[in-house]
Each structure stands twice: as structure tokens, then as C-alpha cells.
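Where a number appears in this text, it was derived from the coordinates with a stated rule and is not lab data. Bear in mind that the values here come from a model prediction, so they are computed numbers and not experimental data. So basically every Cβ, Gly included, is an ideal-geometry build from the backbone, and we count neighbours across all protein chains shown.
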Amino acid sequence: MKTLTLLLCLLALSVRAEESRHRVFGLSDPGREFDLREHLKAVPEVELVALDLETAEATFRYDETKLLADSKKPATPEAIAKRLDELVKKASKNPVSGYVTFSLKPLSSVPKDQLERIEIQLGLPDCKGCRYTAYLACAKVEGVENVIVSETSLVTAWVRPSTSNRDFLIAALKKVRIELPTP
């Protein structure tokens, strides 16, 4: 019995659980956390440990050797990030449309306290698709680090003030024909 216990302890120690943080593209609203967790069930070698919706940053846990088992490349942070992104994209790809709803990006290089928080109320109906369209329009604007669109159609964006501002976000929303209430 002692031998079996020792063997199990050694086996547990040999499994190297690594963790890394990444920004998640596609976290358009708080309800998308559930969607991300559901998609990740298809990726048993990766565990979502923590998620911060305000920064869209997630911590993933994985066994590095299993994660890169098919790769002949060394286990660099870049190789791990690329493989995690591939797995997240594959898990969230719609089999009918081929549309990928989640992907990973590097962490923001700008500290959160140096980002400007901008809020814009939209005149959208209670439509998840419309809110996602607004999210995509704003998230693609240069200088935008994160965007959340609430169920009340309030866009909250964190931007680098040196490269983006409220006017850029409004222009992006108008370009995709998102309705903005008149003052």
C-alpha cells in the first residue's frame, strides 16, 4: 500500500501544471463567460482558472507537455500562446457558419490605471446579436483595450487616450449602423 501511495505521489509531481494569462477577444458581455466555459469543455487539456471581465483577462491552466504534444517546437511562451489560441478558436467555431466567437490576444501593455473609461448608451433593443455587433465595432478600433456591452446596451470601453477616444467609438458604431439615442 505504501508503494502505491508513493507511486501516486510521484506521478502527481511529474504532471506539470502551468498557467498563463491572456486577453480573451469575444467577451462582449457578462453572459459570455458562460459561453466561454461551455466551449472550453471541448478542450479537456485546458482549464479556465480565473476570468476578469473588466480587463477581459483569463488565466488558463494546462499541462505543457500535453498542450504541445503534437509540436516539435520548444515550449516557449509564444508557442504556448499560439496553441492556446488555436484550441480556443477551434472550440468556439460554429460548425454551420464557420464563425469563431473567441480568440486570445496578448495582455495589454498599458496599465489599467492609464486607460480611459468611456461609456456610450446605445438605442438598441434587447438583442444579444445587436450588442455583439456593437462590441465588434468598438473592439476593432485602434487603441481599444477592452469593451463590454451590458444588457441595458451600455457600451463601456477602456481605451489608450493617446490613440482612441469617444468620437472614434461613435464613428465605428455609426459605420455598422448601430442606433445612438439623440440627446
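Placing dummy labels 7 Å off each Cα toward the beta-carbon, the span from Glu142 to Arg61 is 4.1 nm.
The relative contact order of the stretch 42-172 comes to 18 percent, based on Cα pairs under 8 Å that sit 6 or more residues apart. Using every pair of alpha-carbon atoms in the stretch 33-98, split the distances into 5 Å bins beginning at 0 and state the percent of pairs per bin, rounded to integers. Using 5 Å bins, I get a P(r) of 3, 15, 27, 25, 17, 11, 3, 0 for the stretch 33-98. Subtracting the Cα-Cα distance of Lys73 and Ser150 from their residue separation scaled by 0.36 nm leaves 23.6 nm.
In the structure shown, the pairs Lys72/Lys93; Lys105/Lys140; Lys41/Lys112; Lys112/Lys140; Lys90/Lys175; Lys72/Lys140 are assessed against 22 Å; a Cα-Cα span above that value is assigned to Lys72/Lys93; Lys41/Lys112; Lys90/Lys175; Lys72/Lys140.
Here the relative contact order of the stretch 12-105, from alpha carbon pairs under 8 Å that lie six or more residues apart, stands at 34 percent. Counting Cα-Cα pairs of the stretch 110-152 in 5 Å increments starting at 0 gives whole-percent bin shares of 5, 21, 30, 20, 14, 7, 2.
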